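The values are calculated or read from the model by the stated rules, or taken from the named source; none is laboratory data. Note that the coordinates shown come from a computational prediction; the quantities given were computed from them, not determined experimentally. In this analysis, Cβ positions are derived from the backbone assuming ideal geometry, glycine residues included, and neighbour counts consider all displayed protein chains.
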Amino acid sequence: MEPVLIMGGSGQAGAGAAAVLRRWHPELPLTLAGRDLDRARKVADGLGAATAVTIDLRRDDLGLPEDGKYSAVVAAVWDSHLNGLRYAQGRGLPYLSISNGLVDLAPEVFAVAQRASAPVLLASHSFAGLAVLAALDAARRFERIDAIRIALILDELDAGGPAAVADLDRLMAATSAGLVRRDGVFAWVDGEEARVEVATADGVVLAGQTIAIPDVPSVALATGAPNVRFDFAVGESAGRRGGGPASVEVRIDLAGTGPGGTPLGVSRRLAHPDGQRPLTALGIALGVERLLGEPVAPGVHAPEALLDPALAVERMVDAGTVLTDT
């Protein structure tokens with residue numbers, strides 16, 4: 001097999017995903033692409049069966065040799081000019097991206113609509129789709145779902161590397177409004193209506209806001225839930241308050257009816273003691289593994305359309321995620 005090209009392969013998300021793929025598939029060749037060749041080489045040398053290259057996201061050919069051959073292209077960094085996508089399309093390669101917010105997914109979608117030459121996995125969700133998959137796994141016990149609320153708590157010291165911080169700033173500048181589904185209608189909320197409180201696992205309440213994120217339409221359309229929202233808060237995590245490193249938490253609340261029409265409510269909590277990086281890396285790796293597996297049709301795909309929620313939850317737990325349902 002030809003190597004998987006990981007743009008941003010020496011950054012936190014890209015290097016983390018490469019490490020997960022190496023554990024799962026020791027023989028899978030990887031090419032880590034970044035602006036700092038020495039840094040990329042250091043990561044590649046630590047993985048084995050990996051090479052390093054420099055890329056220029058402003059160029060159609062990414063500055064790569066004409067004879068370069070790859071099995072897939074992963075944008076673990078913002079594909080600002082969509083040249084990574086075009087590079088993959090021109091060669092019929094699967095492509096995965098994680099850094100576009102809900103409000104700037106349109107260029108990617110139109111690019112694929114105009115040239116559906118390969119499968120494109122749009123995974124700009126929280127943790128590259130893992131929160132959505134965890135919600136869908138919990139949703140299987142429901143006969144009907146009336147409401148889903150997902151709340152993500154990110155430690156203020158766990159914003160990620162420079163690229164992740166720049167992404168967050170860019171996405172928050174695009175819109176201060178949040179997207180919700182209310183009574184079956186997708187709607188924007190802003191101001192006071194978007195302000196929320198989010199409780200951590202140890203009971204501390206943080207100020208947060210409802211945000212616009214692909215998780216909302218993904219969960220809403222996959223479950224049919226007429227009421228869906230995604231809340232986000234930044235502050236000191238329960239892990240750090242307990243004397244450990246910055247942790248990350250996700251709470252998923254589902255309400256509806258179970259078998260026989262009996263009222264049912266489930267609250268699922270996910271927490272990783274090492275913060276967001278392991279989960280984002282895992283989400284990317286799951287997507288890459290699927291794109292390299294059984295054939296995937298050309299066109300746009302979302303994580304929930306390609307990945308098995310039960311497998312995703314199993315892999316999350318294996319990666320150190322603490323999962324509790326009440």
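Some observations on this one:
- From the list GLY9, GLY63, GLY90, the lone residue that is assigned to a helix (DSSP H, G or I) and either out of contact with any His (no Cβ under 7 Å at 6 or more places or on another chain) or of a type in the set (Lys, Arg) (or both) is GLY90.
- Residue in the range 99-116 that is farthest from GLU289 (Cα to Cα), counting only those that are part of a loop (DSSP other than H, G, I, E, B) and out of contact with any Leu (no Cβ under 9 Å at 6 or more places or on another chain): ARG115
- Qualifying positions in the range 241-300 - within 19 Å of SER124 (Cα to Cα), in contact with a strand residue (DSSP E or B) (Cβ under 7 Å, 6 or more places away or on another chain) and among the polar types (S, T, N, Q): GLN276
- One residue from VAL43, VAL53 being assigned to a strand (DSSP E or B), out of contact with any Lys or Arg (no Cβ under 9 Å at 6 or more places or on another chain), over 20 Å from LEU121 (Cα atoms) and among the aliphatic types (A, V, I, L, M): VAL53
- Number of residues in the range 117-145 that are surrounded by fewer than 22 Cβ atoms within 10 Å (Cβ to Cβ), more than 20 Å from VAL288 (Cα to Cα) and either over 20 Å from the mean Cα position of the chain (by Cα) or at pLDDT below 95 (or both) equals 5.
- Cβ-Cβ under 9 Å pairs, at least 6 apart or on other chains, the range 182-208 side in the same structural domain as ARG229 (by TED's automatic domain parsing) and within 22 Å of ASP146 (Cβ to Cβ), far side hydroxyl-bearing (Ser, Thr, Tyr) and assigned to a loop (DSSP other than H, G, I, E, B): TRP188/THR175; ALA194/SER176
- Any chance ASP202 is acidic (Asp, Glu) and either under 17 Å from the mean Cα position of the chain (by Cα) or assigned to a strand (DSSP E or B) (or both): no
- Test result for ARG23, without any contact (Cβ under 8 Å) to a residue 40 or more places away in the chain, under 17 Å from VAL288 (Cβ atoms) and surrounded by fewer than 16 Cβ atoms within 10 Å (Cβ to Cβ): yes
- The single residue among VAL266, VAL300, VAL317, VAL219 that is closer than 15 Å to ASP137 by Cα and within 16 Å of the chain's Cα centre (by Cα) turns out to be VAL219.
- One residue from VAL228, VAL288 being over 21 Å from GLY14 (Cα atoms) and surrounded by 21 or more Cβ atoms within 10 Å (Cβ to Cβ): VAL228
For (1) β-branched (Val, Ile, Thr); (2) closer than 18 Å to GLY129 by Cα, each residue gets a yes or a no:
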residue	(1), (2)
GLU192	no, no
ASP231	no, yes
SER247	no, no
ILE252	yes, yes
THR280	yes, yes
